[in-house]
1. Sort by residue number and report every cysteine in the chain with no other cysteine beta carbon within a distance under 4.7 Å.
2. Order these by the 10 Å Cβ neighbour count, fewest first: 147, 107, 255.
3. Please find the FRET efficiency linking residue 188 to residue 100, where r is the Cβ-Cβ separation and R0 is fixed at 45 Å, and quote it to the nearest 0.05.
4. Show which lysines lie in cross-link reach of residue 102 when reach means a straight Cα distance below 20 angstrom and same-chain residues fewer than eight apart are skipped.
5. Which of 1, 71 has the fewest other C-beta atoms within 10 Å, and how do the rest follow up to the most?
6. If we count other beta carbons within 10 Å of each Cβ, what is the order of 32, 37, fewest first?
7. Just the Cα atoms of the chain: what Rg and Dmax do they give in Å?
8. Between residue 208 and residue 70, what is the label-point separation in nm under the 7 Å Cα-to-beta-carbon projection?
Amino acid sequence: MEYDIAIIGGGPAGVSAAINAKILNKKFIWFSSRGVSQKVARAELIKNYAGLPDVTGAELGWTLNNHAESMGIERVEEVITGVYETGGKFTLLAGNKDFEAKTVILCLGVQAQKPIKGEEEFLGRGVSYCATCDGNLYKGKTIAVVCMDKNFEHEAEYLCTLAQKVYVMPFYKNYRITAKNAEIILKAPTEISGGLKVNEVVFKDSKIAVDGVFVLKSAISPATLVHGLKIEDGHISVNRKLETNIGGMFAAGDCTGRPYQYMKAAGEGNVAVHSAVEYLSRR
Ligand SMILES: Cc1cc2nc3c(=O)[nH]c(=O)nc-3n(C[C@H](O)[C@H](O)[C@H](O)COP(=O)(O)OP(=O)(O)OC[C@H]3O[C@@H](n4cnc5c(N)ncnc54)[C@H](O)[C@@H]3O)c2cc1C
C-alpha cells in the first residue's frame, strides 16, 4: 500500500502531524519507536503549554496519546532505519519490513547521545542498527551489541541466538541479558574501527576484536537516516513551510532547530502536514 504521508516520530511534533493528517483525511502511517516520547514522559512540571497549565510530563503524554487514540489513530511501534527516494516516492525501512509513501514528515527530535566515533562511517560495513535485518549475517561470528535502551534487550538476546560470541554493552541500569554466550562490558566504547569492514571496538584502556557491531537505539541521526538531507548547524534545514531540500520531505519539531519546546514542536507538526497536503495536491 502506498500512503500519502509517512510521519516518523512520536513526540509532540509527530502527534500533532498525525492528528492533522487525520483531520485532513489523508492516508497516512505514523511510526514511533515507543509509546510516548521520553522527553515528554520525563518532564516534571510543564508551565508553558498553552491551555494546560502546570501539567506533568506523564499527564501531557497521556493527553497527547489519548487525543490520537480517541480519533482512531494508531502508531506503528518501529524504528525507521532508512528512508530512500526513488521515482518520486519514498521507501521507509523498519526491520525487515518496508513501507511506501508519497511524502515524509521527519519529527525525529534531537539525539542526546552523539554517535560513537566510526559508527556512521562503518554503517553497512559491519555496523547495523537493525538486529532482525542483519542478524543472520553474523551467524557463528563474534559481535558487539551496544544496547542504548532496555526496550531493545530482546533484540540483543535474539542476536545471541545467532552469533557465537556477543559482547553486550548496556547503557542503562538493571540490565538482564541471560544468554550464555553473552559477555557484559560495563564500559562505553570510544570508537568502532576497521579497514574495509569493522574489525574492532575500542575502549579507553582496551579493545576487542569483532566481526560486526549492532547499535540498538530509538533514534538515528537525520543525515544517516536520509542520504542527501541538508543539515545546518546540527539541525535539518527547512524553510517556513518546513520543506527540506528533498521534494516531498518535510521536518518538524526539535529536529529543525531551537527553541526545543513542546508548543513549537506541535505547531510545526501542524504546518508540516499542511505543506505536505499542498505538495500532494500540486503533484
Ligand atoms: C526533562 C525535560 C523537560 C522538558 N521540559 C519542557 C518544558 O517544560 N516545556 C517545553 O516546552 N519543553 C520542554 N522540554 C523540551 C521538549 O521535550 C521537546 O522540545 C519536545 O519533546 C520536542 O518534541 P519533538 O516531537 O520534536 O521530539 P521528541 O519529543 O524528542 O520526539 C521524537 C520521537 O521520535 C522518535 N524517533 C526518532 N527517530 C526515530 C526513528 N528513526 N524511527 C521511529 N521513531 C523515531 C524518538 O524516539 C522520540 O520518541 C523538556 C525536555 C526534557 C528532556
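1. Cysteines of the chain left without a disulfide-compatible partner: 107, 147, 160, 255.
2. Values: 147 23, 107 32, 255 27.
In increasing order of surrounding Cβ atoms, one gets 147, 255, 107.
3. Details: r = 38 Å, r/R0 = 0.83.
After rounding, the FRET efficiency stands at 0.75.
4. Candidates past the 8-residue exclusion: 22, 26, 27, 89, 230, 241.
5. Working: 1 7, 71 11.
The most exposed by this proxy come first: 1, 71.
6. So the ranking, lowest neighbour count to highest, is 32, 37.
7. 19.5, 58
8. Placing both labels 7 Å along Cα→Cβ, they lie 4.9 nm apart.
Each value in this text was obtained by applying a stated rule to the coordinates, not by laboratory testing. Note that the coordinates shown come from a computational prediction; the quantities given were computed from them, not determined experimentally. Positions of Cβ are generated from backbone atoms using ideal geometry, with glycine treated the same way; all protein chains shown enter the neighbour counts.
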